[in-house]
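Input: a single structure, listed below in structure tokens.
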Amino acid sequence: MMKKQIYLAAIIIAGSSFNAEAQLPNLKKGLEKAATLKPSTGTGLSEDEVGRGLKEALNNGIEKGVSQLSKADGYFKDPQIKIPMPAEAKKVEDKLRLIGQGQKVDEAILSINRAAEDAATASKDLFVTAIKNLTLSDVMNILHGKEDAATTYLSSNTRSALVEKFKPIIKTSLDKVGATKYWSIVFTTYNAIPMVQKINPDLVEYATNKAIDGLFIQIAKEELSIRKNPAARVSDLLKKVFGG
């Protein structure tokens, strides 16, 4: 029974790569036949194959995603994950730009993104460990889950460790370009103004969390690519597990 469920999971994922409305009749027929369908090998997909296939897919996605983010401009030139000044600092940013200090703001924003790029590589080992620890139950939940189920699993199992690992790297990078000192002076001064809403001057905390948010956005992109794009399945095992 378990092998049939695994095989059905693979078929469902493969079916998600097509236009849902156009393929609904064919998908329905495929599901109706799944319980009795026998692959040409006569053995189908074993639990081991499905587990190894998913882990290989996740490792490939992590490798590609981290490599992209750790490059210069990996964060800065990706509008989806570029780290801006925090929302609560918008008034401060606007005032600085109005008095001709826009370059300082831009330099601060660039330095935050450079720090995130420096830290990205440090995430790889934590992800690899989390992937190794996947149980059969985790594998099946991911296969049956949403398009970002693997990303959600990784976030749940690595985020707190990533925060601890990223913080010192982010701080070192920010200190290197003077961003931490600049940030502290600007916002400490601003907070001293009477009647203004106080703003958290902890740049390291902000940059760390935004860097990790961007990391998981990128990992989710890679997961979706493997689920939906046949060209992203670069091994026979991935083709077998994700291609039905």
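Derivation of every value follows stated rules applied to the coordinates shown; laboratory data play no part. Everything numeric in this text was worked out from a predicted model, so none of it was measured. Glycine also receives a Cβ, built like all others from the backbone with ideal geometry; neighbour counts cover every protein chain displayed.
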(request) Can you tell me which of 141-151, 100-110, 52-62 comes out highest on packing, and rank the rest after it, using the mean Cβ neighbours within 10 Å? (result) 52-62, 141-151, 100-110
(message) Within a 10 angstrom radius of the beta carbon, how do Val92, Val196, Val163, Val50 rank from fewest other beta carbons to most?
(response) Val196, Val163, Val92, Val50
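Which order do Ser155, Ser235, Ser137 fall in if you start with the one that has the fewest other Cβ atoms within 10 Å? Intermediate values should be presented prior to the final figure.
Working: Ser155 18, Ser235 12, Ser137 8.
Ordered from fewest to most neighbouring Cβ atoms within 10 Å, Ser155, Ser235, Ser137 come out as Ser137, Ser235, Ser155.
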(message) Please compute the modelled spin-label separation between Thr135 and Lys95, points set 7 Å along Cα→Cβ, answer in nm with one decimal.
(response) 5.4 nm
(request) Arrange the following residues from fewest to most other Cβ atoms within 10 Å of their Cβ: Tyr75, Tyr153. (result) Tyr153, Tyr75
